[in-house]
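Working notes, structure below.
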2 protein chains.
Amino acid sequence: MARRSRSSRRTSSVETAVHASPFIRRALPYFDVLDDEQLEKLEAQVDWLLENVGIAFRDDPAALAIWRQAGVEPGGEYGDLIKADAKWIRELCAKAPSQFTQIARNRDRDVIIGGRHQVFAPVYGSPFVRDLEGGRRYATFDDFQKLVKLTYMHPHLHHGGFVVAEPTDIAVSKRHLDMVYAHMTLSDKPHLGAITEKERAQDTVDMVEILFGAETMAKNVCIMANVNTNSPLLVDKVASEAIQVYSARGQAMVVTPFILTGAMGPVSTAASVAQAMAETMICCAFAQLVRPGAPFVMGNFLSSMSLKSGAPTFGMPEPVLSNYVIGQLARRIGLPLRCGGSLTASKIEDSQAAYESADSMHSTMLAGSNFTLHSAGWLEGGLVTGFEKLIMDADRLGSYQKLSGLGLETDENAFARDAYEEVEPGGHFLGTAHTMRNYQTAFYEPKLTDSENVESWEEGGALDMRQRAYARWNKMLEAYEPPPIDIAKKEELAAYVARRKEEIPDAWY
Amino acid sequence: MARRSRSSRRTSSVETAVHASPFIRRALPYFDVLDDEQLEKLEAQVDWLLENVGIAFRDDPAALAIWRQAGVEPGGEYGDLIKADAKWIRELCAKAPSQFTQIARNRDRDVIIGGRHQVFAPVYGSPFVRDLEGGRRYATFDDFQKLVKLTYMHPHLHHGGFVVAEPTDIAVSKRHLDMVYAHMTLSDKPHLGAITEKERAQDTVDMVEILFGAETMAKNVCIMANVNTNSPLLVDKVASEAIQVYSARGQAMVVTPFILTGAMGPVSTAASVAQAMAETMICCAFAQLVRPGAPFVMGNFLSSMSLKSGAPTFGMPEPVLSNYVIGQLARRIGLPLRCGGSLTASKIEDSQAAYESADSMHSTMLAGSNFTLHSAGWLEGGLVTGFEKLIMDADRLGSYQKLSGLGLETDENAFARDAYEEVEPGGHFLGTAHTMRNYQTAFYEPKLTDSENVESWEEGGALDMRQRAYARWNKMLEAYEPPPIDIAKKEELAAYVARRKEEIPDAWY
């Protein structure tokens, strides 16, 4: 642990080098915003939703059979509404581990999900990309590969995520194969698997088995998958089947209610947070019925809304507050948490994008989100992955990594009493022995920040951060070298992809 | 209190209207980052500095006389070093109120400084201004007046600050008169007074006496002034004389150690925070010797440093952490706190400026800073006041105002149980009675944010936030109307300024 924490400090300012990227082992306390009375009210609301309102598991007879086997008879208009004793649901949730390790094929890049650990992953699911040269356009597999490479190279992204952008030039029915293969071969960081159909989830699990071997997979979390519920209060078969595929193999699931407050949840932060808790808890309970002890991450994604148009808004006080609230609730129930991200509704990488992303991410970090999807690269409400945005956000993540991972040092060296013997009133500490001993590790300095004086900045071409980021990611891609991989495994994976692509008909939905 | 808090919510999205701007009455808990052991270590370091290292009061025999009268014999090489019993210093600090009201000439704009209250004021002291049309240039009195007007008009700036930019076209020896007069007549918000020389402080106090009357001034804080120490461990006569002028009249002082960590303090956050505490505490104690019970705000301004050039950096993890730390220490000693701001080293209003400002301000807000100078408009390490930046930052302050002022609502309405009777699984809450009842106050929507879809944004000219801010402040200035003022008082103030300008020779230092 000491080794990792030192390594984190030493390397925090390096950006294009390919080296182990330690996740965060948090030293900072959490920001708890609720008192006991509020916590109990929120939990009572969760229980009320579970017991009296219910959550539907739709279009998945296998899922309903699992509920029936556990003694719950589905009800409601469509015979798929699960209402269950809240105490029992909480008992099932307690079977999930409060933290687990997702191993990577390069074991130096294993991540711990849960407890006092924080893991950053890039944006997920955008159909478009944007960069300073090419503008806004549909994402292609070429973009996808570039984004996987950049994520692999960036020391503050600990996890590869998955759909860093949708490769829209590949048939929907087949693109998961290329995406999984790209993550496995262009990077050696842990990543997520496909969820959009049961077969695609199964393909992922099969490829993971090729890469890691069945024995390793039986004992470890080698893959994790993220799926959304269909809020309000609906778990469609995409979600319930993904849980069945991944949880049955002891692999990890992140289930995330996506709630635009006022649309998919009541126009109230407290109600929407409670609803999200109920939705993800019922999925966690379901995962435990599939396999007791299945690793599960409580997801939360809550946004506010523009009064003018109903468009989702990000980085606003209500979702910022919801991050703090859900963080506290997750610790109470003892489940790893995914929330927040560097979110914005801005179309470009302007100051709006940065204000919103920073407020969103600052609260995500203080709330102790254990796994943060969308921590870099998100633009335009998630419709667009920004190449510059990815690098800009990731650069800022180093700041959160230091703040969260180190907290305030208060050892003898930190108090620098010897320095006061060298410095007169009104003097300066620049040349003191204490400064000489400590200055190299004292400050986190993001690579894309320009703190020089205006003359130097103008001499350098008066570039704004966006332009600096454009130059940076292009330079990074030039320097990219693939991580080593066992050739036989790579060939076996390629053969699997080729075979499955022949078996599966092209489909564009 | 209930009235104000409702008013805060109702008006939080209005920007150009001239109406009462309630300061924040904080509902949110504080983020306490230190445990008891760390707190005690920090306070022991403060005491060690006070007792063993000492702080010099330089070039001000009157200040030394005050210390001698209190039984402290100055020492050190220059006979001006104050070392004092830390317990006694803490007892003196305890004489200062933990909160006080600064009244405004429009009493609807009174602000409470201290306790659970938070007051935002604009940038202070920049010699340059920048805007999208005129670029970067020396600030003039015309700029100054525009900035005072914009501050007056913006509902999220509760306080006028003072040197919103240096009017460099007026002699240094006289500009304080024009600045005070501008604040008093173009705005009716509370503001700060001059400190750069004893006479200028006295002019401010005299003008405040004209505006408020001696009787009101005897019973109330009508003016506050901010002065920096000369860190490390030096209080020059600018500071000690300002304290003597303002504190003697029972007016409020903010004393702020400006510490670039590694230069004016050791290259360590813990050491620099403790040093800042010691410096401001000795000034608070001095103010209490001048007049027991004199209102005093503990200032803190800490920045980190670029390894490349030694340039100050802002919004970085070390100063962000220092905000949280100093917030907790201030509550322990029971003094109102000034810290943080929307700080950045960026030269322009790009994403760097916004990332840094947001991380800096988010922590300022969570730390509970009671009086926040530089909460809007700061660029280029404080060398430049940005017109767009002022409006962009102020717009974001509304978000902090809502988050901090409201916290999480957990009343019956917040849980929206009736809405669940109207909505099916997978349905939406847009048309529910609960949404209809609540949507207008549910979300804070900053005016400069564009959350619309890309097509609408492109139709509107694809303007970035900076361009929108430029249009906005120009529109605001067009709509400016001066607040009413008693003509006799205005004439008396103008006559005072005219007389003093004749008496004082032009000086440009």
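The HN-Hα couplings worked out from phi for the stretch B:503-509 by the Karplus form 6.51 cos²θ - 1.76 cosθ + 1.60 (θ = phi - 60°) are 6, 8, x, 4, 9, 10, 9 Hz, whole numbers, x standing for Gly and Pro. The same position residue A:309 in the other copies lies at 3.9 nm from this copy, comparing label points 7 Å beyond Cα toward the beta-carbon, shortest first. In this simple spin-label approximation, residue A:309 and residue A:27 carry label points 7 Å from Cα along the Cα→Cβ vector, and these lie 4.5 nm apart. Only Lys, Arg, Asp and Glu carry charge here, each on its Cβ (+1 for the first two, -1 for the last two); on that basis the stretch A:167-320 has a dipole of about 220 debye about its Cα centre.
Which shape class applies to chain A: rounded if a/c is under 1.5, otherwise prolate when a/b exceeds b/c and oblate if not, where a ≥ b ≥ c are the square roots of the Cα gyration tensor eigenvalues? Cα axes put chain A in the prolate bin.
By DSSP, the beta bridges lying fully in the stretch B:252-395 are antiparallel in about 30 percent of cases.
Distance between the modelled labels on residue A:108 and residue A:77, one decimal in nanometres: 5.7 nm (7 Å Cα→Cβ projection). Distance from the C-alpha centroid of the stretch A:260-338 to that of the stretch B:37-98: 51 Å, rounded to the whole angstrom. Length available on full extension from residue B:433 to residue B:48: 0.36 nm per residue minus the Cα-Cα distance, which gives 132.4 nm. Within the straight-line cut-off of under 20 Å between alpha carbons, the aspartates and glutamates reachable from residue A:219 are A:108, A:110, A:188, A:203, A:206, A:209, sequence neighbours fewer than 8 places apart in one chain being disregarded. Take every Cα-Cα pair in the protein assembly as shown and report what % of them are more than 40 Å apart. The proportion of pairs with Cα distances above 40 Å equals 42 percent.
Charge dipole of the stretch B:452-494 (Cα centre as origin; +1 on each Lys and Arg Cβ, -1 on each Asp and Glu Cβ, all else neutral): 200 debye, rounded to the nearest 20. For the stretch B:111-226, the relative contact order comes to 23 percent (Cα pairs under 8 Å, sequence separation of at least 6). As a rough footprinting exposure proxy, the listed residues A:309, B:346 were ranked by other beta carbons within 10 Å of their own, and the order from fewest upward is A:309, B:346. Rounded, prolate or oblate for the stretch A:164-206? Axes are the square roots of the Cα gyration tensor eigenvalues, ordered a ≥ b ≥ c, and the cut-off for rounded is a/c under 1.5. In terms of gyration-tensor shape, oblate.
Before rounding to the nearest 500, sum -39500 (n - 2.57) across all DSSP H runs of length at least 4 in chain A and divide by the residue total; then give [θ] at 222 nm in deg cm²/dmol.
Here the helix-only value at 222 nm equals -14500 deg cm²/dmol.
Counting from the shortest, the label point at residue A:75, 7 Å from Cα toward Cβ, is 8.1 nm from the same position in each remaining copy.
Net charge in the neighbourhood of residue B:315 (other residues with Cβ under 11 Å of its Cβ; Lys, Arg +1, Asp, Glu -1) is -2. What you get for the protein assembly as shown, charging only the Cβ of Lys and Arg (+1) and of Asp and Glu (-1), is a dipole of about 1000 debye around the Cα centre. Label-to-label distances for residue A:504 across copies, nearest first, come out at 7.6 nm, using points 7 Å from Cα in the beta-carbon direction. Listed from fewest to most Cβ neighbours within 10 Å, the set A:448, A:383 follows the order A:383, A:448.
When the Cα gyration tensor is reduced to axis lengths a ≥ b ≥ c, the ratio a/c is 1.5 or higher for the stretch A:19-78, and with a/b not above b/c it is classed as oblate.
Here chain A is scanned for GluC sites (Glu not before Pro) in DSSP loops (not H, G, I, E, B) that have at most 10 other Cβ atoms within 10 Å, and the longest stretch holding none of them is A:134-509.
The antiparallel fraction among DSSP beta bridges confined to the protein assembly as shown stands at about 40%. Amide H contacts of residue A:228 (H built 1.01 Å from N, in plane; Pro and chain starts excluded): A:256 sit under 5 Å, all sequence-distant by 5 or more or on other chains. Pairs A:347/B:475; B:149/B:189; A:308/B:389; B:389/B:475; A:189/A:402; A:198/A:501: which are spaced more than 19 Å apart, C-alpha to C-alpha? Over 19 Å Cα-Cα: A:347/B:475; A:308/B:389; A:189/A:402.
With both labels modelled 7 Å from their Cα along Cα-to-Cβ, the residue A:456 to residue B:498 distance reads 5.0 nm. Measuring how big the stretch B:451-500 is from its alpha-carbon positions, Rg and Dmax come out at 20.7, 60 Å. Computed over the stretch B:342-476, relative contact order equals 23 percent, with contacts defined as Cα pairs under 8 Å that lie 6+ residues apart.
Taking other C-beta atoms within 10 Å as the exposure proxy, A:435, B:185 rank B:185, A:435 from fewest upward. Of all DSSP beta bridges confined to chain B, the antiparallel ones make up roughly 40%. Using the Cα centre of the protein assembly as shown as origin and beta-carbon charges of +1 (Lys, Arg) and -1 (Asp, Glu), tell me which of A:398, A:508, A:74 is placed farthest towards the positive end of the dipole. Projecting each Cα onto the dipole axis, the largest value belongs to A:74. For chain B, the longest principal axis of the alpha carbon atoms and the long axis of helix B:317-333 meet at an angle near 70°.
Averaging sequence separations of C-alpha pairs under 8 Å and six or more residues apart, then dividing by the length of chain B, give the relative contact order as a whole percent. It would help to have the intermediate numbers written out before the result.
Working: 1043 pairs, mean separation 99.4, N = 509.
So the answer I get is 20 percent.
Read the figures in this text as sums done on the coordinates, not as results from a lab. Source: prediction; values computed, not measured. Every residue, glycine among them, receives a Cβ derived from its backbone with ideal geometry; neighbour counts consider all protein chains shown.
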